[in-house]
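Undergrad: First the structure, which I've put down as structure tokens, then a few questions once you've had a look.
The values are calculated or read from the model by the stated rules, or taken from the named source; none is laboratory data. Note that this is a predicted model, so its numbers are computed, not measured. Positions of Cβ are generated from backbone atoms using ideal geometry, with glycine treated the same way; all protein chains shown enter the neighbour counts. These area figures cover heavy atoms from the full protein model, side chains too; ligands, DNA and RNA do not enter into them. Shrake-Rupley method; radii C 1.70, N 1.55, O 1.52, S 1.80 Å.
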Amino acid sequence: MNPSTVDIHPEDTLLEENEERTMIDPNSKEDPKFKELIKVLIDWINDVLVEERIIVKQLEEDLYDGQVLQKLLEKLADRKLNVAEVTQSEIGQKQKLQTVLEAVHDLLRPHGWTIKWNVDSIHGKNLISILHLLVALAMHFRAPIRLPEHVSVQVVVVRKREGLLQTTHVSEELTTTTECSHFNCFPSKPERDAFDTLFDHAPDKLSVVKKSLITFVNKHLNKLNLEVTELETQFADGVYLVLLMGLLEDYFVPLHNFYLTPESFDQKVHNVSFAFELMQDGGLKKPKARPEDVVNLDLKSTLRVLYNLFTKYKNVE
């Protein structure tokens with residue numbers, strides 16, 4: 001037990017016997033990596049919810065009632081949650097949070113995630129809990145963002161014992177290294193390639209490349225009366241990729257091997273991953289892109305995959 005060097009607010013002294021409250025050490029809040037983590041997550045949420053016209057400015061104030069979390073999960077998982085749209089009462093907010101978090105847990109638990117948040121901590125505007133939740137969602141859905149590595153904060157725990165307040169300091173890890181393949185880590189940054197150069201230095205040539213690839217894929221997909229006009233969106237669920245591989249290699253892909261009308265993020269990832277397996281069976285190297293990036297409408301990743309196909313199959317009739 002250490003004597004507190006942190007200012008304790010009056011409301012933090014209103015604790016029951018053996019009750020405890022946590023807060024972030026003010027010095028940790030000024031850590032550049034901590035600030036960067038918050039900014040990256042806020043930008044990501046706003047990017048995902050741009051069509052909902054939702055703008056998040058402060059995580060604790062904007063996420064505690066479950067409204068934004070509901071919209072975020074619905075968008076990421078591509079599913080509708082059965083909750084009331086607007087809830088003003090605390091009971092209603094907590095009920096909504098309960099439903100949203102149960103849906104989150106159903107997604108994360110099978111993948112081994114440790115749940116470090118609950119309804120009370122989120123509704124109580126506990127920033128640490130909110131950050132743990134958002135980092136887990138970003139990693140599970142392979143968000144096209146780069147989280148700062150090794151972000152830890154000092155947390156002050158205030159506990160009431162025998163009528164006296166006691167404080168301890170613990171270090172809380174929010175992100176780990178990206179240099180590993182464990183599900184709690186982000187993959188390391190890939191080496192730059194021609195598409196990075198194209199996007200950064202020759203965007204005018206990008207439309208030429210896209211046009212060539214659209215002509216190539218439609219030459220084959222037209223045989224099934226299918227047509228592509230938007231590369232980044234129409235390949236995102238993996239269906240056209242699977243069908244295209246069957247056409248290029250001249251075989252029928254059994255429908256039980258993939259989802260013809262995928263409804264969830266995981267089903268779309270399954271389809272793209274399956275298409276990648278078919279590509280490798282056809283003698284291509286494993287695509288540099290991640291299936292999750294294609295599903296997340298990352299144009300550069302989709303172009304990399306299609307260009308690999310174009311290179312090998314451009315002369316196939």
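Undergrad: Looking at the square roots a ≥ b ≥ c of the eigenvalues of the Cα gyration tensor of the stretch 206-297, which shape do they give, rounded for a/c under 1.5, prolate if a/b is larger than b/c, or oblate?
TA: Here the stretch 206-297 falls in the rounded category.
Undergrad: Where does the longest stretch of the chain lie that holds no trypsin sites (Lys or Arg not before Pro) found in a DSSP loop with 13 or fewer other Cβ atoms within 10 Å?
TA: With a cap of 13 other Cβ atoms within 10 Å, the longest stretch comes to 193-284.
Undergrad: How large is ³J(HN,Hα), in whole Hz, for each residue of the stretch 92-109 in order, when computed from phi with the Karplus curve 6.51 cos²θ - 1.76 cosθ + 1.60 and θ = phi - 60°, using x for Gly and Pro?
TA: x, 5, 5, 5, 5, 4, 4, 5, 5, 5, 4, 5, 4, 5, 4, 6, 8, 4
Undergrad: A further question follows. Which Cα, out of H220, S171, L133, lies furthest along the positive dipole direction of the chain (beta carbon charges, K/R +1, D/E -1)?
TA: Projecting each Cα onto the dipole axis, the largest value belongs to H220.
Undergrad: Moving on to the next point. Can you give the accessible area per residue of the chain, in Å², using a 1.4 Å probe?
TA: Details: 17260 Å² over 317 residues.
Accessible surface, normalised per residue, equals 54 Å².
Undergrad: Let me spell out the model: positive unit charges on the Cβ of Lys and Arg, negative unit charges on the Cβ of Asp and Glu, origin at the Cα centre of the chain. What dipole size does that give, in debye rounded to 20?
TA: Dipole size: approximately 1120 debye.
Undergrad: Cross-link partners among aspartates and glutamates for K80, C-alpha distance below 16 Å, same-chain residues fewer than 8 apart left out?
TA: K80 reaches E51, E52, E102, D106, E263, D266.
Undergrad: Something else: Given a 10 angstrom Cα cut-off, can you work out which residue in E61, E227, E19 is the most mobile in a GNM of the chain?
TA: E19
Undergrad: Another one. Taking only DSSP H segments of four or more residues, each worth -39500 (n - 2.57), what value at 222 nm results for the chain once the sum is divided by all its residues, to the nearest 500 deg cm²/dmol?
TA: -14500 deg cm²/dmol
Undergrad: Could you look at the chain and say what percent of its accessible area is carbon and sulfur, using a 1.4 Å probe and all protein chains?
TA: Carbon and sulfur atoms account for 50 percent of the accessible area of the chain.
Undergrad: What are the ³J(HN,Hα) values, in whole Hz, obtained from phi via the Karplus relation 6.51 cos²θ - 1.76 cosθ + 1.60 with θ = phi - 60°, for each residue of the stretch 282-291 in sequence order, with x given for Gly and Pro?
TA: For the stretch 282-291, the Karplus-derived couplings read x, x, 7, 5, 4, x, 5, 5, 8, x Hz, x marking Gly and Pro.
Undergrad: Between exposed chymotrypsin sites (Phe, Trp or Tyr not before Pro) in the chain, where DSSP calls loop and at most 13 other Cβ atoms lie within 10 Å, what's the longest gap?
TA: Values: sites that count: F183, Y251, F252.
Value returned for the longest uninterrupted segment is 1-182.
Undergrad: Can you tell me how the stretch 246-317 classifies by the Cα gyration tensor, rounded, prolate or oblate, using a/c under 1.5 as the rounded cut?
TA: oblate
Undergrad: On to the next question. Classify the stretch 98-174 from the C-alpha gyration tensor, please: rounded if a/c falls under 1.5, else prolate or oblate depending on whether a/b exceeds b/c. Don't skip to the end; give the middle numbers.
TA: Details: a/c = 2.80, a/b = 1.60, b/c = 1.74.
The shape class here is oblate.
Undergrad: A further question follows. Build a GNM of the chain with springs between Cα atoms under 10 Å: which of L134, L226, L97 gets the top mean-square fluctuation?
TA: Fluctuation is largest for L226.
Undergrad: Pairs to check: K223/K268; K71/K210; K210/K268; K219/K300; K39/K160. Give those whose C-alpha atoms are more than 28 Å from each other in this structure.
TA: Exceeds cut-off: K71/K210; K39/K160.
Undergrad: Taking the alpha-carbon distance from K288 and a cut-off under 14 Å, which aspartates and glutamates remain once sequence neighbours fewer than 8 residues away in the same chain are dropped?
TA: E191, D193, D196, E277, D298
Undergrad: Moving on to the next point. Where is the GNM fluctuation largest for the chain (alpha-carbon springs, 10 angstrom cutoff): E172, E17, E85?
TA: E17
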